[in-house]
Amino acid sequence: MLNLQQGIRYSIGKHASILRNLKPSDFDPKEKFWTRFPPEGSKITPPHQSVEFRWKDYCPLVFRHLRDLFRVDPADYMLAICGNDTLRELSSPGKSGSSFYLTQDDRFMIKTVKKSEVKVLIRMLPSYYDHVCRYENSLVTKFFGVHCETNWWPKDTVYCDGQFVLLRIPNSSTF
């Protein structure tokens, strides 16, 4: 969980001040940014008590706009996920084997998903964005970000796909 919280804190802080109109390239599935988090910290990341990991943000400016559209305050969002209260793991994962986490205030849910599911979501992101812009009170699930966290391994080490993280409001429609 520490890595997830470090990554979210970094992502929200990095994109909080960037506000410009979206371009078609912002929706490109290749629009993702890797950041390395060594335990000792770096010029752009703080030191932490975990193993070295990499954090990937998918279409970060699009999700920044979506959080604004859904009136999610960046400070509240960061505090709910990264604050002193721990995330609660839901005891019964679904058939997919995904893990679910809920913030203490029940405002946000985190679901780990497979790479194939991420590809589908990113591919449908332009249509999703258009829909929620057009229908402000839509009942579709509200997504706030898609991220990937992987441990940093030497190049000759085999490592399975990292965990992909979807952030959404739990009381919107089912996933």
Would you check which residues across the stretch 3-36 are under 13 Å from the mean Cα position of the chain (by Cα) and within 10 Å of PRO60 (Cα to Cα) and list them?
SER11, ILE12, HIS15, LYS32, PHE33
Collect the residues in the stretch 51-64 that are closer than 21 Å to LYS32 by Cβ and either hydrophobic (A, V, I, L, M, F, W, C) or surrounded by fewer than 19 Cβ atoms within 10 Å (Cβ to Cβ) (or both), keeping them in residue-number order.
GLU52, PHE53, ARG54, TRP55, CYS59, LEU61, VAL62, PHE63
So, in the stretch 120-136, exactly how many residues are surrounded by fewer than 13 Cβ atoms within 10 Å (Cβ to Cβ) and assigned to a helix (DSSP H, G or I)?
8
Here are VAL62, VAL51: which of them is farther than 27 Å from TYR128 by Cα and touching a Pro at 6+ places or on another chain (Cβ under 9 Å)?
VAL51
In the stretch 14-38, which residues are surrounded by fewer than 12 Cβ atoms within 10 Å (Cβ to Cβ) and of a type outside the set (A, V, I, L, M)?
SER17, ARG20, ASN21, LYS23, PRO24, SER25, LYS30, TRP34
Take the stretch 51-78 and flag every residue that is touching a residue at least 12 places away in the same chain (Cβ under 8 Å) and part of a loop (DSSP other than H, G, I, E, B).
VAL51, GLU52, CYS59, PHE70, VAL72
If we keep only residues of the stretch 28-55 that are touching a helix residue (DSSP H, G or I) at 6+ places or on another chain (Cβ under 6 Å) and under 16 Å from GLY145 (Cα atoms), then the residue modelled with the lowest pLDDT is PRO29
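Can you find, within the stretch 40-50, the residue that is farthest from the chain's Cα centre (by Cα) among those that are touching a residue at least 40 places away in the same chain (Cβ under 8 Å) and surrounded by fewer than 17 Cβ atoms within 10 Å (Cβ to Cβ)? Give the steps one after another, and end with the answer.
Pass one, the stretch 40-50, residues touching a residue at least 40 places away in the same chain (Cβ under 8 Å): 46, 48-50.
Among the residues that remain, those that are also surrounded by fewer than 17 Cβ atoms within 10 Å (Cβ to Cβ) are: 46, 49-50.
On the way: PRO46: 19, GLN49: 21, SER50: 19 Å.
For the stretch 40-50, the residue satisfying everything is GLN49.
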Quick one: how many residues across the stretch 79-108 are assigned to a helix (DSSP H, G or I), buried (at least 18 other Cβ atoms within 10 Å of the Cβ) and either free of Cβ contacts under 8 Å to residues at least 24 places away in the same chain or in contact with a helix residue (DSSP H, G or I) (Cβ under 8 Å, 6 or more places away or on another chain) (or both)?
2
Residue under question is VAL165, and the condition is that it be surrounded by 11 or more Cβ atoms within 10 Å (Cβ to Cβ), in contact with a helix residue (DSSP H, G or I) (Cβ under 8 Å, 6 or more places away or on another chain) and modelled with pLDDT of 90 or more; does it hold?
no
Yes/no for THR157 being modelled with pLDDT under 85, in a strand (DSSP E or B) and either out of contact with any His (no Cβ under 9 Å at 6 or more places or on another chain) or more than 27 Å from GLU52 (Cα to Cα) (or both)
no
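The values are calculated or read from the model by the stated rules, or taken from the named source; none is laboratory data. Fair warning: this is a prediction, and the values are worked out from it, not measured in the lab. FYI the Cβ positions are ideal-geometry reconstructions off the backbone, even for glycines, and counts take in every protein chain you see.
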